[in-house]
Every structure is written in C-alpha cells, then in structure tokens.
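See structure below.
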Amino acid sequence: MKTLLTVILLAMAVPAMAGEVTLEWDSSVGADGYRLVFGTNNNELIYSINVGQVVRRTVKDLRCGETYLFFVEAYNEAGSTAASNLITTKIKDCPQLPVVPSGWMVDSLKLVPEP
C-alpha cells in the first residue's frame, strides 16, 4: 500500500491575467494524482478539478474582482491526503470597455464618426 504525504502549495497563486490564475505545488511521493479544490468562500469550496499527475495548473474563467481560495489533495488507491495549505488570491478587476459616444462607432480599434 502506498503512503501519501501532505501536498504543499508553493508560495502563492500568481494571477496571470484577468479571469485566470496559475497554481503550482510540490509532488507527493506515492501520489497517483492530484485534485485541485477551490471556491470563493472558505465554507463553500465547491469546485474540484482532477488534474491527474501534473503539479501545475491554470484555472480559467474565474470572475474578475473575486477572491478565490485554493487547496490541493494528493490521492492514490489508499485514499486522499489532508488538504494542502490554503491559498487565497484576488482576480484582477476586468478592464472596462470605453463608452462610445452617440454618433460614433469603433472601426478596427479606431474611434471614427458614423457614416
């Protein structure tokens, strides 16, 4: 029977761009794979991604401006480890689109008068 060690999430999550975050963790001897668990509330970590044997994962389509909590569990046929340390990160605010004044339109990324 394999023995699992606690997985440690490295340092902190680094937001790559609005709406996504990349996480990386140390491998655990004897692990068959890892499960990344996250959510926006400590009592409701409701999303779970089985990432297999990789130790780095980018999570996309996160809501801009939200704070997310993440942890990782290693697993094998004997079961799962205890959760890793909890990482908290805030996703950057989404860029606001400019307001196009009445009588104007956007054409090939230029603001031009409407014909």
Check: Which ones in region 31-47 are in contact with a Phe, Trp or Tyr (Cβ under 8 Å, 6 or more places away or on another chain) and surrounded by fewer than 17 Cβ atoms within 10 Å (Cβ to Cβ)?
Finding: Asp32, Gly33, Gly39, Thr40, Tyr47
Next item on the list: Six or more apart or on different chains, Cβ under 7 Å: which pairs go from a residue in region 20-48 that's within 17 Å of Arg63 (Cβ to Cβ) and assigned to a strand (DSSP E or B) to one that's among the basic types (Lys, Arg) and at pLDDT below 90? Could you list them?
Entry: Glu20/Lys60
Margin query: Need pairs with beta-carbon distance below 9 Å; first residue closer than 25 Å to Ala31 by Cβ and within region 50-66, second modelled with pLDDT of 90 or more and part of a loop (DSSP other than H, G, I, E, B); sequence gap 6+ or separate chains.
Written below: Gly52/Asp32; Gln53/Ala31; Gln53/Asp32
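The values are calculated or read from the model by the stated rules, or taken from the named source; none is laboratory data. Computed from a prediction, not measured in an experiment: that's the story for all the values here. So basically every Cβ, Gly included, is an ideal-geometry build from the backbone, and we count neighbours across all protein chains shown.
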